[in-house]
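Working notes, beginning with the structure itself.
The values are calculated or read from the model by the stated rules, or taken from the named source; none is laboratory data. These numbers were taken from a predicted model, which means no experiment stands behind them. All Cβ positions, even for glycine, are placed from backbone atoms using ideal geometry, and neighbour counts span all protein chains on display. Just so you know, the surface numbers come from the protein's heavy atoms only, side chains and all, with ligands and any DNA or RNA stripped out. Shrake-Rupley method; radii C 1.70, N 1.55, O 1.52, S 1.80 Å.
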Amino acid sequence: MQMVENDAADLIPISFIDGEYFAFDIEAVKRLRNDHHVAGILVGTLPQVPQQSTFLGLPVQLMPEEAALLVQKGVARIIDEGSRHEAMLAVDENDIDEATAKLKINEVESAGSESQGQLVSFTTPALSTVNRVALPESSVGAVYDTPRFDVYKYLHERGYFILPGLRFGSQFLAYPGDPLRYHSHYLVRGLGYGEEFSLLELVGSGRLGTGVKKAWMVGGHVPEDEQHKLATLNSSKTIEREGSEPIEDFVSFCVEWAGFG
Amino acid sequence: MKKRNLNAIYHSPLPVEVVALPPLVPHNPISVAYYVYQLVFVPFLWGFKRRRRLTAYMELYTDSVSSYVSSIAVGSYEDMQELWKAGFFGKGTQSRSDPTWVLRTSKRLQEASGETEIVAPEEVTARRRAARKKFKNARALVEQGVVSNPADPEKVETNEERRGQKLTRAEDMALRDSEGKVRQLEKLQLTFQEAFFLAYALDIIDIYDGRTGDLVTVPYLLGLLMPDWSPDNSFIVNYVVYHHYRSHGWCVRNGVKFGVDYLLYKRGPPFSHAEFGVIVIPLYSDESKNQLMRRDWYWSSGVNRVVGGVKKTMVLCYVKVPDCIDKWHSVEELLKMYEVREVVLRRWIPSRNRD
């Protein structure tokens, strides 16, 4: 897995709080949206209009798949805010400047040595005496090799914006461009190879998609020993993009109802 | 088009006759005599002209292990009409639901004389789609800036109209029998639950094996429909739910077109749209198995959206599956081992649900 070597301070910081991933910094959000076509969902209250939930502000919440892909591509780093918060509290007041300086050094060091899928963590001088590892229970590593992540990566490589699809009962919604400019084209469901799903789900999701002018897409990663079957299916060429591997071992289908109305 | 009197056509909710016993006033001899007459003699009189039993034929397929039922269908025209009109059982194999193929084909071949006033649901749909297409064409012309007189509809002739002007084709000759009327080539296909309900619960249908012509008894039918005698066999679990709602007076039909297991109608499809979409979920006493089989929030949200979009309510029907079903001597005992409980799931949107 090739990884672009970025300067540690250049990595987009993604905060990991209580099992969920957020981006608090507006510059980070802009970079995510413009450079990496990751939109995310705004979940913060706007101070100007606090008593409503139609318009929300920072932070942007990211799906675990988004965070995992960004880490895999080497453009972002995860910050475990829980441990960091406790670490900051444990720092002695007199040593604040010293501790802050050490914090920064540790961040740079540990970011450079990360391996794929590992949560980036750091320790402070005060914490090093305490026997504790700053890893949360579900780190980003658990997301890789799931059907959801495979289909997310497949669509992301092809330039789609992908948002959560709970509103339509699917895993994701795929937009051909910025969600503010386009309606989504696909309701996406990722499946494992050979995983069964019920006919009722096929009919219901196809109907739901057709009713809202979308197609229901199912896709899954094909293991190596079955990839010879793909030659007949995937007639289109894969898209080469810089800095990431094109996925040649993925197959997807779209379902729509005919004869509606 | 004369509006049909639906209450006259679909007057009985099930294909059985019911005798309402009059009130019994013990000290009044006339009342007693009338009561005894209704209780004893009326069924006795009926015994002579006994209600004709309906017939259905069962197709099986066999593999190396055993035989499986592939379909159960009713072939005779009178039986089909009776089953549909009293309880809306089954689906016509050449129609949307109501077995109207003979009627529609006769009309198409311009044969039927007195029946042109009955409009089949397929024709209603075709007319609605043709009207919609016309409207869309006219709207497209207007949008393109073509200055056309909207009161001039003759230009926009749909394909259906062009096709309808042809009369009979060469293939249509095979559809007629020796007298020149359209043959009854359509069947009413029953789902397994409907067939078992008619055979066991109502006892008005005889099911014959399609290959051998033998009568299939109820226990044998049950064995064919549940070849593996596991408590959570999908046939028996679905049948328990079907029987439960039918016995409460609902008209129960298959709900695959909305992604649910059953649809519940108050009286039937011609009267109103279905009110509820039922999803059957088996519940085991082993909690770990329940955890294994549980569905996720995405599924629930998706089904709720589909069902809510067609103005129905989603009902989750939990069927408590017994651990083993070895000890029963009658079908009634077997059914008593299962328990049914419903949960209604409705989505409440504060901005929309204020009234």
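Measuring r between the beta carbons of residue B:247 and residue B:206 and using R0 = 25 Å, the FRET efficiency lands at 0.65. Rounded to the nearest 100, the interface formed by chains B and A buries 1400 square angstrom of accessible surface, both chains summed, with a 1.4 Å probe. For the residues B:69, B:40, a 1.4 Å probe over the protein chains yields an accessible-area ranking, largest first, of B:40, B:69. Taking amide H positions as modeled 1.01 Å from N, with prolines and chain starts lacking one, no residue 5 or more places away or on another chain lies under 5 Å from residue A:74.
Computed over chain B with a Gaussian network model linking Cα atoms closer than 10 Å, the most mobile of B:141, B:198, B:224 is B:141.
Database remark: amide H of residue A:42 closer than 5 angstrom to the amide H of A:61 (H placed geometrically; neighbours at sequence offset of 5 or more, or on other chains; Pro and chain starts carry no H). Projecting the Cα atoms of B:279, B:353, B:331 onto the charge dipole of the stretch B:226-355 (Cβ charges, centred on the Cα centre) puts B:353 farthest toward the positive pole.
Taking 19 Å as the cut-off, the amide N atoms of the stretch B:255-272 that come nearer than this to a point 7 Å along the Cα-to-beta-carbon line of residue A:202 belong to B:255-262.
Here residue B:319 sits with roughly 0 square angstrom of accessible surface, probe radius 1.4 Å.
Report the gain in length on full extension from residue B:146 to residue B:293: 0.36 nm times residue separation, minus Cα-Cα distance, nm rounded to one decimal.
Fully extending the segment from residue B:146 to residue B:293 adds 47.1 nm.
In this simple spin-label approximation, residue B:323 and residue A:88 carry label points 7 Å from Cα along the Cα→Cβ vector, and these lie 5.6 nm apart. With heavy atoms of protein chains only and a 1.4 Å probe, what residues of the stretch B:254-281 have at least 30 Å² less accessible area in the full set of chains than alone? When all protein chains are present, B:256, B:257, B:259 each give up 30 Å² or more of accessible surface. Only the Cβ atoms of Lys and Arg (+1) and of Asp and Glu (-1) were treated as charged; on that basis the dipole of chain B about its Cα centre amounts to roughly 1800 debye. Quick one: grab the alpha carbon gyration tensor of the stretch B:226-355, order the square roots of its eigenvalues as a ≥ b ≥ c, and give me rounded if a/c is under 1.5, else prolate or oblate depending on whether a/b is larger than b/c. Note, shape of the stretch B:226-355 comes out oblate. Distance between the pseudo-spin-label points of residue B:232 and residue A:228 (7 Å out from Cα toward the beta carbon): 3.8 nm. Can you compute the label reach from residue B:45? Point 7 Å from Cα along the Cβ direction, backbone N cut-off under 18 Å, restricted to the stretch B:19-37. Once the point is set 7 Å along Cα→Cβ of residue B:45, B:19-23, B:30-37 turn out to lie under 18 Å by backbone N, inside the stretch B:19-37. Of the residues B:194, B:287, B:342, the one that moves most in a GNM of chain B with alpha-carbon contacts below 10 Å is B:287.
Legend: calculated FRET efficiency, residue B:178 to residue B:61, from the Cβ-Cβ distance at R0 = 30 Å, rounded to 0.05, equals 0.35. Restricting attention to the stretch B:299-355, which trypsin sites (Lys or Arg not before Pro) occupy a DSSP loop and are surrounded by at most 15 other Cβ atoms within 10 Å? The qualifying sites are B:311, B:327, B:346, B:347, B:352, B:354. For residue B:191, the residues 5 or more places off, or on other chains, whose built amide H falls under 5 Å of its own are B:90.
Full extension of the chain between residue B:256 and residue B:134 yields a length gain of 40.9 nm, computed as 0.36 nm times the residue separation minus the alpha carbon distance. By a 1.4 Å probe calculation restricted to protein chains, residue B:217 has an accessible surface near 70 Å², given to the nearest 10.
Ligands, DNA and RNA are left out, and with a 1.4 angstrom probe the accessible area of the stretch B:226-355 is 58 Å² per residue. For the residue pairs B:266/B:336; A:214/B:85; B:91/B:181; A:153/B:136, alpha carbon separations beyond 29 Å are given by A:214/B:85; A:153/B:136. Multiplying the residue separation of residue B:38 and residue B:170 by 0.36 nm and subtracting their alpha-carbon distance yields 41.8 nm.
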